[in-house]
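Report on one structure; see the data block that follows.
The values are calculated or read from the model by the stated rules, or taken from the named source; none is laboratory data. Every value quoted in this text rests on a predicted model; they were computed, and no experiment measured them. No Cβ is skipped: glycine too gets one built from the backbone with ideal geometry, and neighbour counts run over all protein chains shown.
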């Protein structure tokens, strides 16, 4: 109807109504309840109820008034100066244009004149005494839709479906939710075929559309099929009803869905009884509208339900059960109405308060500018969509006085609760009564059932006329996707996880007992069979499994112009589906349809692993070449040079050559020897440096050597193992495959002919394909055996299959190498435009999301051989970056050694004199022996040694005697060690020990001295006074025997 025409009709009816309004004003005031106030900031909601008596209406008005007063007090601060108000109206007759005018455009109490911004509409048909006066809500909802007023609906027949476009919400379960309950009930007993019977009752289109939508989109309903749809639009005509009911095919469908009113159902069941459609083999499942009561008082002896067949099922709202089972209790009806109104007000208040708090700056008006003047725009409120969206907002928490529940985005109830009723016999009264046998919740979406009475009073469900669909499925052996095993040789049956598979042609299989013949039947199991069994369980279909006749995967023969293998069976309609590891490629996809891939794969190469020996260079593997060069060629030499240089420059060391004359023997090669000894921890004699800085450099090198040795030892064990050898091919494009003929001997490799792998190689590598034909094998098993015995070097095939074979090899002597090529996936094949493809796709995606496919992969594809057993190196060489910290440590130690050398010189030049002056007791020896010795010895000792070093021989004989005397002194030093040990054992007579020593060694020394005296070596530079030999001997004896009383004069005299 055109909008302007519709509004003009209302306006004309309104003019007619105004003439008689004065006469009926007292009567009309009983139908309106609102608080008339003069406040400007009033936010109003309209409430329209159909049917209640005056007493019930007054009770409802009083309860809602008290409820609204509490709300105003509770939300006074949140709403500032705004106040909430409701307008409650009722009507008991047909909703004509005249009555519609009274509701919305009455002088003072019209809903539009009171500026309502939302409406609550409640329709209870049990308050209408005559069926001909039943409320037609379509006219009211159409009027509200024109004015864009958000509307909250309760309709106890359940024939209204909320619509976001119409700005409607519903407090009762929707038609779609009723359909879910009815379909879930079918799943309980695996009923698959239904017939739908409807009248022209409001919502019948939504009922049929919801059934179709749920069956086509919900995977669990896929097996359900709508056999027939019967529309009975004129239920008063019995002949027409009979004509339509005769169209029902009793042989194909015995499950009947009914959607109509209660009176219409009585007329339908009268004809159904005559046609035998209420017998025990037929199951009737009715919507809520069928059992909704039409009157308030059922005082008749014979219930209207008596026309309904025993065992019938129906949907009922949980909240409406009290009113349904207790039709004569008006108090409970009133309580139910008040509760539903409070729910609607809670939704409205939630939206008002939230908009007021969040949109205060926008100054949104809560009072629409509606008028009843035909010259004004009656159907425009800009903020209606904002109000509706806030009503659907579930994030806002309500106060304790308000009902708390959630709404779906389409305006339906999110937490709807529905009961499933069953019509049975009452034991107390010999009459039919409704009993609850199941409950359904929109959150769980699962029907929970109890004991059921089926048609005819039976306890067992009748069988569905239509059996489970049966499919013909073709397959081909491929471990681990389809694995063959022999059936039981007695029973011919398979284990529970396997399925009997025919591998011979139908002509060869003569009788059923041939299942025990392994040449005719095999038990199929594996990844794909598990997936097929799960699909069969979910989609309620049976299947016949057989092997493809020619044993080929499917390739297009250009000479013959036809397909072979699995693809041919699908094209020839020998099978409805292919279930095996069938790879998806463009050629096959052009011929048949594929499901979504259930597993990714590609083309890979498998080779043999040969045992080897430990590499002769394995001891060098812990470090790479650059690390060895830096450590051995640079660090060792640099550290040795650094130690020598610091010792050369140290005042306590060589002191730029002076230390050599002091008896300190240290050189560059001795420094290198020290460095190597520290590096390898060798127990050899070494000369240690005396300088503080050179000692520090030696300590830093020792720390570096410790780190180096520890890391080397830790990594060496990883490389001192047997290294297996195998062909390390990079992939299909490896040079050994491309140029196989040029190698000596030629590189041999092959694949399985007439498969996806060969087709791919034929198109992309024609020369390679032509060469490898001579090495192809008919099966994967033969190809792998050829690789193991060395007849071919490599075998090319599906990556996942080869990886499975390598992981399951007994000796772990097989390995897949190279990157995967031509990535694709495994899919199930269907004929073009197969209805099974869409549902199989949905279930494969569902299994993927639930982790079912991953579980199957873990179970079937995981083997015992790991990468380490295949010969992979488990450790990598350490490079320079891995050892950077140790190099930095060494460099930092050298830099710090320079600082220590500088401090050492400062101590010797500027601080040593002060230490001599203050350290009379030798305390400095507690900290440093070198410093303490320097401060305690007399300077004369150092100068005497210096004078001695300046004395030079003038002849070769003198030099020879000097060396001989030095050798004698060294020998005397060793003997002195023995003397010290004797002195310690005979401390009571030290003088006698000394005399014994001189008696034994004195003559030798005198003899040597006399010879040495002849060479005029020992003389004083100032005067040539000769020295007494006894004095020299005794003085040397005192020094070497450890006497500490040697004075300055004695030393000078000695010199």
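Computed values, structure above
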quantity	calculated
Selected residue (only one of 596, 613 is closer than 29 Å to residue 803 by Cα and modelled with pLDDT under 90)	613
Members of the range 250-263 found to be at pLDDT below 90 and within 20 Å of residue 203 (Cβ to Cβ), listed by number	261, 262, 263
Residue within the range 755-771 that is part of a loop (DSSP other than H, G, I, E, B) and under 50 Å from the mean Cα position of the chain (by Cα) present	yes
Elements of type helices (runs of 4 or more DSSP H) in the range 194-300, at least 3 residues being touching a helix residue (DSSP H, G or I) at 6+ places or on another chain (Cβ under 6 Å) and crowded, with 20+ Cβ neighbours inside 10 Å	204-217, 262-275
Residue 709 vs. criteria out of contact with any helix residue (DSSP H, G or I) (no Cβ under 7 Å at 6 or more places or on another chain), assigned to a helix (DSSP H, G or I) and farther than 30 Å from residue 528 by Cβ	yes
So residue 144, is it in a helix (DSSP H, G or I) and under 26 Å from residue 334 (Cβ atoms)	yes
Some residue of the range 556-571 being under 30 Å from residue 189 (Cα atoms) and at pLDDT 90 or above	no
Residue match in the range 724-743 (condition: more than 39 Å from the chain's Cα centre (by Cα), surrounded by fewer than 21 Cβ atoms within 10 Å (Cβ to Cβ) and closer than 14 Å to residue 606 by Cβ)	no
In the range 150-193, the residues that are within 27 Å of residue 366 (Cβ to Cβ) and surrounded by fewer than 20 Cβ atoms within 10 Å (Cβ to Cβ)	163, 164, 165, 166
Subset of the range 773-815 (residues that are surrounded by fewer than 22 Cβ atoms within 10 Å (Cβ to Cβ), in a helix (DSSP H, G or I) and more than 38 Å from the chain's Cα centre (by Cα))	773, 774, 775, 782, 785, 786, 788
Flag for residue 428 being at pLDDT below 80, outside the structural domain of residue 579 (by TED's automatic domain parsing) and at positive phi	no
Matching entry among 347, 341 (being in a helix (DSSP H, G or I), over 45 Å from the mean Cα position of the chain (by Cα) and at pLDDT 85 or above)	341
Options 536, 581; residue that is over 15 Å from residue 825 (Cα atoms) and either at pLDDT below 95 or part of a helix (DSSP H, G or I) (or both)	536
Checklist (1) in contact with a strand residue (DSSP E or B) (Cβ under 7 Å, 6 or more places away or on another chain); (2) within 27 Å of residue 845 (Cβ to Cβ); (3) at pLDDT below 90 applied to residue 515, failing item	(2)
